[in-house]
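Provided herewith is a single structure, encoded as structure tokens, for subsequent inquiry.
Just so it is clear, none of the values below were taken in a lab; they were calculated from the coordinates. What you see is a predicted model, and the numbers here were worked out from it, not measured in a lab. All Cβ positions, glycine included, derive from the backbone under ideal geometry; neighbour counts span all protein chains shown.
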Amino acid sequence: MTRLMLGRTLERICKAVLLLCLVHFLIMMILYFDVYSQRFDIFSRFNNGRNSSSSRTHPFYNLSRPNATFAGYLGTMNHIPSAHPEANVTSTAKPVPPCPEVPSGLVGRLLIEFSSMMTMERVQKENPNVTEGGRYSPPDCRAKQKVAVIIPFRHRDNHLKYWLHYLHPILRRQKIDYGIYIINQLGEDTFNRAKLLNIGYVESLKEDSYDCFIFSDVDLIPMDDRNLYHCYDQPRHFAIAMDKFGFRLPYAGYFGGVSGLSKKQFLKINGFPNEYWGWGGEDDDIYNRITLNGMKVSRPDVRIGRYRMIKHERDKHNEPNPQRFNKIQNTKNTMKRDGISSLTYRVVQVKKYPLYTNISVEIGKPPPRPMKG
């Protein structure tokens with residue numbers, strides 16, 4: 001009798017366990033098809049009434065994928081409904097963090113050499129992430145400034161290849177949001193570096209809302225990527241230790257080679273002088289403008305601000321300006337009327353190459369030089 005009762009009890013327990021398993025299985029199947037039904041056409045027929053609006057973002061579509069667009073997704077799918085129509089489902093992109101002050105990918109001291117053959121095709125292959133016109137923005141963080149790098153230019157194509165070869169990787173490692181602008185002086189009249197820099201400022205602002213401007217000679221390459229190409233609280237002189245000068249400043253007020261000013265700083269000094277035709281003087285005039293307007297020049301550590309210069313002969317039609325010393329002494333009197341406020345020029349062509357934007361300009365003719373004696 002006892003064995004019979006024990007057998008019936010065990011039979012009831014087994015039936016109860018089986019029933020619970022069956023209920024659990026049915027619940028899981030219901031949840032499974034409720035969540036994934038929108039992925040099967042057979043279920044979409046029963047759900048057409050739930051959500052026919054194409055303006056809602058589908059919860060399974062990842063808008064953060066490179067080159068993905070929601071419009072393109074809707075073009076390939078046929079109004080797939082939302083799993084939960086009663087909820088206002090929106091896709092929010094993950095906020096991009098600000099770029100660090102000192103990026104982790106910097107390598108420090110660099111080996112710079114100009115003996116190997118350099119071609120524009122090679123440089124382009126080395127920089128696939130740089131977009132047309134020489135534009136780049138860090139994909140993983142938000143840069144605090146938009147930087148226009150401006151180069152005064154004429155007949156320096158070979159130098160430009162080396163500059164692009166070295167600077168694009170450096171600027172990318174520095175997490176700089178930047179564009180490269182080559183300001184090409186047409187004709188064979190006397191070269192005017194400072195006026196070309198003013199033109200670069202104006203023309204780059206037609207492209208984007210830049211708030212920082214780096215002015216660089218095309219023959220100067222930084223030897224350390226910790227020399228960060230962005231703007232600072234004070235006007236910045238980057239090229240403080242060139243191999244040409246034995247890796248030290250030639251004199252305390254030197255501001256040549258590579259410098260940077262914010263938009264506010266640039267406008268405060270009325271930009272650069274337009275009347276320095278030929279080699280020399282304009283950098284000292286700019287230094288005077290900075291100090292006369294109550295600002296100070298900031299510089300990197302001498303171990304970081306080292307540069308190599310590509311050796312070359314002095315360009316034709318860029319002879320030393322014999323008037324430069326007199327002009328430097330009169331900066332206080334001329335800076336308000338000679339600068340960005342008095343700039344005149346004519347753009348002949350703007351052409352976007354894969355690694356830079358070339359802006360060819362006519363800047364007028366220099367005034368006749370006074371007769372000697």
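Where does each of 131, 334 land when they are ranked from fewest to most other beta-carbon atoms within 10 angstrom? Please report the intermediate quantities before stating the final value.
Values: 131 14, 334 18.
So the ranking, lowest neighbour count to highest, is 131, 334.
Scale the Cα Rg of segment 119-251 by the rule-of-thumb value 2.2 N^0.38 Å and send over the ratio, two decimals. Spell out each step's value before the answer.
Working: Rg = 14.9 Å, N = 133, 2.2 N^0.38 = 14.1 Å.
Segment 119-251 yields a ratio of 1.05.
Something else now. So, counting K/R as plus one and D/E as minus one, what does the shell of residues with Cβ under 15 Å around residue 173 add up to? Spell out each step's value before the answer.
Values: positive: 109, 172, 175, 226; negative: 101, 126, 140, 177, 224, 225.
Every neighbour counted, the sum reads -2.
Find out how many positive minus negative residues lie around residue 239, taking Lys and Arg as positive, Asp and Glu as negative, among other residues whose Cβ is under 11 Å from that of residue 239. Kindly include the intermediate steps, with their values, before the conclusion.
Values: positive: 236, 244, 299, 306, 308; negative: 217, 219, 243, 283.
Charge balance in the 11 Å sphere: +1.
So for 213, 114, fewest C-beta neighbours within 10 Å to most, what's the order? Mind dumping the intermediate values first?
Working: 213 25, 114 17.
Ordered from fewest to most neighbouring Cβ atoms within 10 Å, 213, 114 come out as 114, 213.
Another question about this same structure. Run the quick spin-label model on residue 209 and residue 295: label points 7 Å from Cα toward the beta carbon, then report their separation in nm to one decimal.
My value for the distance between the label points is 2.1 nm.
Taking the alpha-carbon distance from residue 94 and a cut-off under 26 Å, which lysines remain once sequence neighbours fewer than 8 residues away in the same chain are dropped?
Correct list for residue 94: 144, 146, 175.
Round to a whole angstrom and tell me the spacing of the C-alpha centers of segment 173-214 and segment 229-303.
If we compute the Cα centre of each part, the gap is 16 Å.
Taking the Cα centre of segment 120-362 as origin and charging only Cβ (+1 Lys, Arg; -1 Asp, Glu), how large is the dipole, in debye to the nearest 20?
Details: 39 positive and 29 negative charges, 115 e Å.
Dipole size: approximately 560 debye.
Straight-line reach only, C-alpha to C-alpha below 20 angstrom: list the lysines that residue 332 could link to, leaving out same-chain residues fewer than 8 apart.
Within reach: 195, 264, 268, 296.
Follow-up question, since we're still on this one. Label segment 120-362 by shape, choosing from rounded, prolate and oblate, from the square roots a ≥ b ≥ c of the eigenvalues of the Cα gyration tensor; if a/c is under 1.5 it is rounded, and otherwise prolate applies when a/b is larger than b/c, oblate when it is not. Write out the running numbers ahead of the final one.
Details: a/c = 1.37, a/b = 1.26, b/c = 1.08.
Judged from the Cα gyration tensor, segment 120-362 comes out rounded (a/c under 1.5).
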